[in-house]
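The values are calculated or read from the model by the stated rules, or taken from the named source; none is laboratory data. Remember, it's a predicted structure, so these values are computed and weren't measured experimentally. Quick reminder, even Gly has a Cβ in these numbers, built from the backbone with ideal geometry, and neighbours come from all protein chains shown.
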């Protein structure tokens, strides 16, 4: 049986806790690996190594740090197929989807290559007589990332690229469901020239998470996952004096107005709802269809669903793979099978005629969903798209703004005025105009509002640089020997 261990001080370190988890092949349902689950002592060892490595890495000049990021960028680019194949094997997403994930993660490495420019401070000469004032950005120390199963390559790169480029050392706790991708990234970081101990991985469960949240030498925590866990991470981490950015769940709505291109809207809804088997926080899970076009739009979406090829990533041509575990598949199935009992209409039932092996579901489409129904209220996190019918713009906007989540949203329309008003009024962190999944490019920042984000700082991009640094302001005077004298008064700015 393949064994997945930890990465500490630049090498694989076998676990000593005596505990392990199961890594499944989602396409067959069979166990393919065992992953070591870290003890408190093993987490402490990783943090201690990172702390010891910090002074030297923090003192490394910016050009050298950028050089490591450039080397890493080339290594990831050269190995993107290997990374994507490993990702597909443990997560189940098809190869094309996995390659897309690697590409989006790579953008964050490219952003971090510009760290010499990103860490520039400000300078004010002659703020007072003979006094100059300037600001500098400095790293925090040891920082940690806790990442989800659905993007085992991209989300770690959201975190560690900026953190390391800014001069921090990093401890990663990836999902125990698909940890191998992170281990491969650790090897590539070492090849890129990152000093040993600067990047470490502890595989584990809640034991490892809780120790990272409590450890006095961990200065900041980045997290992506469900809202209940994000809230727990934020409250526990901040209580222990840490900076925390914790991204939670979502229920992303797509509002389709009567003037929209319905074929474009239907294509977008199908792509955004069923890509990666719906296991992504930016998936469109609710289409708010204006009454005037709702019947036509539902028909177009229904017509497109049979063409989606569902099957293992190992078979060419498949477009949607399995869900991550049998337990999660059964949970998603329950939402679909219970929809009619809540008063909704099950237009396409994706729970039938699925492959006998593995954790597969086919795409499901539910019409006439309303607030108060579980299929509308909950984040299903699977290949399920619900339709909610609205009178028009105002009703649709009200439903989006009333929702507890505020991660992503989209509007489909040909009316520039309506689109402009939507971006102004909607209470959501990431907005798409005729774009169903508005994930920001790497030089902006990713994050939602309301119950989709706990903390003040979004992830990656400029806000990521701010999160992983703290600003120091220096006020300096170099006395002119011609005028220097004793002055016991309070310094004056005017």
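Please give the helices (runs of 4 or more DSSP H) falling wholly within the stretch 298-410 in which 3 or more residues are under 29 Å from residue 446 (Cα atoms) and out of contact with any helix residue (DSSP H, G or I) (no Cβ under 8 Å at 6 or more places or on another chain). It would help to see each step written out before you state the result.
Numbers: elements: 326-338, 374-377, 393-402.
Correct list: 326-338, 393-402.
Conditions (1) surrounded by fewer than 23 Cβ atoms within 10 Å (Cβ to Cβ); (2) more than 30 Å from residue 470 (Cβ to Cβ), marked per residue:
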{"position": "241", "(1), (2)": "yes, no"}
{"position": "244", "(1), (2)": "no, no"}
{"position": "248", "(1), (2)": "no, no"}
{"position": "252", "(1), (2)": "no, yes"}
{"position": "255", "(1), (2)": "no, yes"}
{"position": "258", "(1), (2)": "yes, yes"}
{"position": "265", "(1), (2)": "no, yes"}
{"position": "270", "(1), (2)": "no, yes"}
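Please indicate, with yes or no, whether at least one residue in the stretch 203-218 is under 28 Å from residue 88 (Cβ atoms), assigned by TED's automatic domain parsing to the domain that holds residue 113, surrounded by fewer than 20 Cβ atoms within 10 Å (Cβ to Cβ) and in contact (Cβ under 8 Å) with a residue 24 or more places away in the chain.
yes
Does the stretch 414-439 hold any residues that are surrounded by fewer than 23 Cβ atoms within 10 Å (Cβ to Cβ), assigned to a loop (DSSP other than H, G, I, E, B) and touching a strand residue (DSSP E or B) at 6+ places or on another chain (Cβ under 8 Å), and which are they?
Residues satisfying the conditions are 426, 427, 434, 435, 437, 438, 439.
If you check residue 456 against the conditions, is it modelled with pLDDT under 95, in the same structural domain as residue 155 (by TED's automatic domain parsing), surrounded by fewer than 16 Cβ atoms within 10 Å (Cβ to Cβ) and over 13 Å from the mean Cα position of the chain (by Cα)? So that I can check it myself, show each step before the final result.
Numbers: modelled with pLDDT under 95: yes; in the same structural domain as residue 155 (by TED's automatic domain parsing): yes; surrounded by fewer than 16 Cβ atoms within 10 Å (Cβ to Cβ): yes; over 13 Å from the mean Cα position of the chain (by Cα): yes.
The answer is yes for residue 456.
Let me confirm something: among 38, 66, 46, which residue is more than 28 Å from residue 282 (Cβ to Cβ), within 25 Å of the chain's Cα centre (by Cα) and not in a helix (DSSP H, G or I)? Spell out how you get there, then give the answer.
On the way: 66 fails: not in a helix (DSSP H, G or I); 46 fails: not in a helix (DSSP H, G or I).
After ruling out the rest, the residue left standing is 38.
Any idea how many residues of the stretch 1-29 are assigned to a loop (DSSP other than H, G, I, E, B), farther than 21 Å from residue 167 by Cα and touching a residue at least 12 places away in the same chain (Cβ under 8 Å)? Break it down into steps so the answer makes sense when it comes.
Residues of the stretch 1-29 assigned to a loop (DSSP other than H, G, I, E, B): 1, 5, 9-10, 14-19, 25-29.
When the remaining residues are screened for being farther than 21 Å from residue 167 by Cα, the result is 1, 5, 14-19, 25-29.
From what is left, the residues that are touching a residue at least 12 places away in the same chain (Cβ under 8 Å) are 1, 5, 14-17, 19, 25-29.
Summing the residues that are assigned to a loop (DSSP other than H, G, I, E, B), farther than 21 Å from residue 167 by Cα and touching a residue at least 12 places away in the same chain (Cβ under 8 Å) in the stretch 1-29 gives 12.
Taking the stretch 161-175 as the region of interest, how many residues are farther than 27 Å from residue 40 by Cβ and within 15 Å of the chain's Cα centre (by Cα)?
In the first step, residues of the stretch 161-175 are kept if they are farther than 27 Å from residue 40 by Cβ; the result is 161-162, 165-167.
Applying the additional criterion that residues be within 15 Å of the chain's Cα centre (by Cα) yields 161-162.
Matching residues across the stretch 161-175 total 2.
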